[in-house]
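Heads up, the thing below is written out as structure tokens.
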Amino acid sequence: MAQRVDEPPRDDEHGDDDYHGSAVVFTAEREADVEVVLRGNFQPIDGRFHWYGRATAGSELDELVDGRKAEVVLRTPHGDAVATLSDPDPWNRYRITGLGRPPFPIDSELVELGETD
């Protein structure tokens, strides 16, 4: 089936997501419930785990960050992590990035390396 032009790209076609589900985004003053698609990898150049993904569009999230880049805390059922939300894409989804321990389970090999914030 062809994807419509007005739809955001499908992130789940390749099954490479490390976490796909509900989350809460916090700032110092407010919070917003969102759906996120996250993945990450260890970067040997800087020795840190880089994680990233997208947070779905929603009026709560728009009100929280007002369409601008913002430092937030992302909470999933697996944990919390400091993250950065960037400007929204054409489908009003926010790019989310973080360094260090992500808010989702990672391979045991990375845990054994002692990867932390």
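Among the residues of the range 25-51 satisfying the criterion of being within 15 Å of ASP107 (Cβ to Cβ) and among the aromatic types (Phe, Trp, Tyr), which is surrounded by the fewest Cβ atoms within 10 Å (Cβ to Cβ)? Across the range 25-51, the extreme among qualifying residues is PHE42.
Scanning the range 49-73 for residues that are under 11 Å from the mean Cα position of the chain (by Cα) and either of a type in the set (D, E, K, R) or over 21 Å from PRO102 (Cα atoms) (or both) yields one hit, ARG54.
If the condition is being free of Cβ contacts under 8 Å to residues at least 12 places away in the same chain and within 15 Å of the chain's Cα centre (by Cα), then the range 33-48 contributes only ASN41. I'd like to check something: does the range 85-92 contain any residue that is surrounded by 15 or more Cβ atoms within 10 Å (Cβ to Cβ), at pLDDT below 90 and touching a Phe, Trp or Tyr at 6+ places or on another chain (Cβ under 9 Å)? Yes, the range 85-92 contains at least one residue that is surrounded by 15 or more Cβ atoms within 10 Å (Cβ to Cβ), at pLDDT below 90 and touching a Phe, Trp or Tyr at 6+ places or on another chain (Cβ under 9 Å). Being modelled with pLDDT under 90 and not hydroxyl-bearing (Ser, Thr, Tyr) is a property that ASP18 has.
The values are calculated or read from the model by the stated rules, or taken from the named source; none is laboratory data. Note that the structure is a prediction, hence the values are computed from the model and not measured. Every residue, glycine as well, gets a Cβ built from its backbone with ideal geometry; the counts of neighbours run over all protein chains shown.
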